[in-house]
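Coordinate-derived values only; no laboratory data. Just so it is clear, the structure is predicted and the values come from calculations on it, not from any experiment. So basically every Cβ, Gly included, is an ideal-geometry build from the backbone, and we count neighbours across all protein chains shown.
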Amino acid sequence: MSLFAEVWEAVKAVGAGLGAVNKRISEPAVTEFYPYKKPEIPPVSVQFLALIQNEDGTDRCVACLQCERVCPSQVITIERKRNPEGKGFVLERFDLDFANCMHCANCVEACPVSAIVTVGAFEHAVYDINLLKADKAMLDHIGHEARVWYSPKFGVELRTPEGKIQKAPPEMQPGGLAELLKAEGGEAS
Amino acid sequence: MRGPTTVEPVPGRTDELIINMGPQHPATHGVLKVVIGVEGERITRAVPHIGFLHRNHEKIEEARTYPQIITYTDRMDYVSGLQNELPFILAVEDLLGVEVPQRAKLIRTIFFELFRIASHLVWLGTGMLDLGAITPFLYTFRDREMILEITEKTAGARMLPNYFTFGGVRRDVHPDFFKDVAHFLDFFETRLPDYYALVLDSPVFQARAVGVGVLSRERAIARGASGPVLRASGVAYDVRKAEPYDAYPDLEFQVPTRTEGDVFARFWVRFKEMEESVKIIRQALEKVPKTGPYKGKVPPRVKPKPGARYRAVEISRGHLGTYVVSDGSERPLRVKHRSPSFANLQLIPDLFVGARFADAIAILSSLDPVFGEVDR
């Protein structure tokens, strides 16, 4: 191939590439304008973990130590004492070190009472690593702030503006498809 | 044959220049150091140094219970995170004797192939970035973002979801999942011609890739290469065909093979693999029941029978195998991972020596190593 033909080939190739780009140039931008417009994180997404309290302000957690046991990086520390009134245990201390957390959500899977959950809050970057060591007050606070959360036992739950906790509609639930299809079939028949 | 571990200047020889490429070289996709001796433009010697990202996976895994280990396997090849969980899970399932429901198998297969597309898109974007083309990078990462969003909605994380588990998957899929995947496939099929126009069909790229870094069939087999690198050298070996796992026996697909063994062939094979993945996911979407069980019956405490099992899967980079030895307790006695990037990286001296220095970057990006998995 002569030099001229080679140059012509290269020019044609660049032209073809520009053509492919040109075809897409008027498409809407996919960039997220993050600090100004916050993305909606699905509740199953493992970002922050939180402790959920019941509507009357008591702990859901029964201090069974399951989450402490399954944690691969051993970031959960629980201290408990016998419940003075009634049976079971109550929490004395619940520490979770987010700095070492691997975000695997094994604790959420293991929890038998849906006390530790994943919430959609994700902005936990801080300047001091010690601020990532969460105690029970902080985890409770994240749980109070959360509007929607997920745990395998109860599925996705919502907190209404009045402070009531209720199950989310099936459109948000993992496996909600069964209910949706049944509802569709019910309407059709 | 034991190769040299360092490159020392030969006394009295002044025409050879020794260059350290890496460990912070942007084209090494992680932390690889290659000590290269060049004579003019030709590479005379090349010695890869690995281990900068060593995290002692296999030893840590001996001290963890079986469900905890799944989290660690994700972190080997972080670009195709979900795929790494499968060989370990298959091995433990065999030891436990767990039945996996067909629906769970199909969901796993859909995710497996989605991550293959995602991984190949990262490779295409960054590989072309190494060769000096920026546009494919911007396009591929947008497409990959769609896969990651689908994954986050169902699996709970974008890259390291820890979603597969013994007996199936952790939770049922999001109601939008099948719709989203079908939408992504339609979208991706309109995008593939763009990639062909920008990369594979471009004479500028072909001038850079054809005939560069030729790997012969014999050399590829001798060095234990796998994945697209092996298939580009004319060996039609694919674990999905050789030892089918999950739902692959029920699905129809081709194994794209090429005989040239150069950089262009390795690019071509990965392009065709993305097309095959789209076909596989389409078939799986047709077959998968919308509702049903997503997890088989697994004992609450995972304690496999004493014994050993080796299972392999075909991840985006090749043959990933996991050998699990159980002594009947909650923790495995030994877990060994056979990772494809590590074996493929052995080809560096073979392919680099005799090539031009600028082609070394092209060869390295066509091998597509991920260092989380090389060093483990």
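Out of B:VAL10, B:THR28, B:LEU53, whose Cα points farthest toward the positive end of the dipole of segment B:1-107 (charges: +1 Lys, Arg; -1 Asp, Glu; placed on Cβ)?
B:VAL10
Which links in A:LYS81/A:LYS136; A:LYS37/A:LYS164; B:LYS287/B:LYS336 stretch past 26 Å when you go from one Cα to the other?
Violating the 26 Å Cα-Cα cut-off are A:LYS37/A:LYS164; B:LYS287/B:LYS336.
So which GluC sites (Glu not before Pro) in segment A:44-102 pass both tests, a DSSP loop state and at most 12 other Cβ atoms within 10 Å of the Cβ?
Loop-located and lightly packed - A:GLU55, A:GLU85.
How would A:GLU32, A:GLU157, B:GLU58 line up from fewest to most surrounding beta-carbon atoms within 10 angstrom?
Ordered by Cβ neighbours within 10 Å, fewest first: A:GLU32, B:GLU58, A:GLU157.
Where nothing but the Cβ of Lys and Arg (+1) and of Asp and Glu (-1) is charged, how large is the charge dipole of chain B around its Cα centre, in debye to the nearest 20?
1060
Give the long-range amide H neighbours of B:ARG338: residues separated by 5 or more places, or on another chain, with amide H under 5 Å away, using H modelled in the peptide plane at 1.01 Å from N.
Answer set, sorted by chain and number: B:GLY321, B:THR322, B:TYR323.
With angles folded into 0 to 90 degrees, how steeply does helix B:102-130 sit against the dominant principal axis of chain B? Use alpha carbons for both and round to 10.
20
Hey, fewest Cβ within 10 Å first, where do B:LYS153, A:LYS87 land in order?
Least to most surrounded, the residues fall as A:LYS87, B:LYS153.
Counting other Cβ atoms within 10 Å of each Cβ, which trypsin sites (Lys or Arg not before Pro) in segment B:11-106 have at most 16 and sit in a DSSP loop?
B:ARG13, B:ARG55
Could you give the dipole magnitude of segment A:48-174 about its Cα centre, charging the beta-carbon of Lys and Arg +1 and that of Asp and Glu -1, in debye to the nearest 20?
400
Quick check: pseudo-label points 7 Å beyond the Cα along Cα→Cβ at A:LEU91 and B:LYS59, how many nm apart are they?
Result for the modelled spin labels: 3.5 nm.
Once all Cα-Cα distances of chain A are split into 10 Å bins that start at 0, what whole-number percent is in each one?
8, 26, 25, 15, 10, 8, 6, 3, 1, 0
So for segment A:48-174, taking the charge dipole from beta-carbon charges (+1 Lys/Arg, -1 Asp/Glu), which of A:ILE52, A:ILE142, A:ALA99 sits furthest toward the positive end?
Highest projection toward the positive end goes to A:ILE52.
If r is the Cβ-Cβ distance from A:ARG69 to A:HIS124 and R0 is 25 Å, what FRET efficiency results, to the nearest 0.05?
That gives a FRET efficiency of 0.55.
List B:PHE267, B:PHE253 from most exposed to least, where exposure is judged by having the fewest other Cβ atoms within 10 Å.
Taking fewest neighbouring Cβ atoms as first place, the list is B:PHE253, B:PHE267.
With N set to the residue count of segment B:57-343, report its C-alpha Rg divided by 2.2 N^0.38 Å to two decimal places.
Dividing the Cα radius of gyration by 2.2 N^0.38 Å gives 1.00.
When the expected Rg is taken as 2.2 N^0.38 Å, what fraction or multiple of it is the alpha-carbon Rg of segment B:25-156?
1.35
So how far apart, in nm, are the two label points at B:ASP201 and A:ASN100 if each is 7 Å from Cα heading toward Cβ?
Going by the 7 Å Cα→Cβ label model, 5.5 nm.
What area, in nm² and to one decimal, does the C-alpha convex hull of the protein assembly as shown cast on average over all directions?
32.3
Using 30 Å as the Cα-Cα cut-off, could you pick out the over-long pairs in A:LYS182/B:LYS295; A:LYS133/B:LYS303; B:LYS279/B:LYS303; B:LYS153/B:LYS272?
Beyond 30 Å: A:LYS133/B:LYS303; B:LYS279/B:LYS303.
Which of the cysteines found in chain A have nothing to pair with, since no other Cys Cβ lies under 4.7 Å from theirs?
A:CYS61, A:CYS64, A:CYS71, A:CYS101, A:CYS104, A:CYS111
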